[in-house]
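In what follows, a single structure is set out as structure tokens and then discussed.
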Amino acid sequence: MNDLDHRLGRLLRNAASAPVPAASATLPFAVEARVLAAWRAGRADGSGEIAALLRFFRYGFACACAVAIVAVGLSWRGVQSEATDEFALTNAEMNVAMLR
């Protein structure tokens, strides 16, 4: 048995012999009432998990739309600024053929 196993065994033996805390400790009635009231109020105003998830999806959809609009705008600007050359493709093919 190496040193690490010895230490682990000692830790587990000590944890097993530790006193168990009293399970009868409960919250006072006032604290329990406030917690339940806050929980019910949170559910009533629609701030539940579903509403938070929908809010997250709306934010993600809005960001995706904004990125798409910016991408289209930048590509449109690039298309508009290019000069229209009818022979650009044939010139490029001719240059490639001459290099071979």
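The values are calculated or read from the model by the stated rules, or taken from the named source; none is laboratory data. What you see is a predicted model, and the numbers here were worked out from it, not measured in a lab. FYI the Cβ positions are ideal-geometry reconstructions off the backbone, even for glycines, and counts take in every protein chain you see.
A single member of ALA33, ALA38, ALA51, ALA23 is at pLDDT below 90 and either in a loop (DSSP other than H, G, I, E, B) or more than 33 Å from the chain's Cα centre (by Cα) (or both), and it is ALA23.
Remark: pairs (first residue in the stretch 1-14, without any contact (Cβ under 8 Å) to a residue 60 or more places away in the chain; second residue surrounded by 10 or more Cβ atoms within 10 Å (Cβ to Cβ) and in a helix (DSSP H, G or I); Cβ separation under 8 Å; 6+ apart in sequence or on different chains) = MET1/GLY9.
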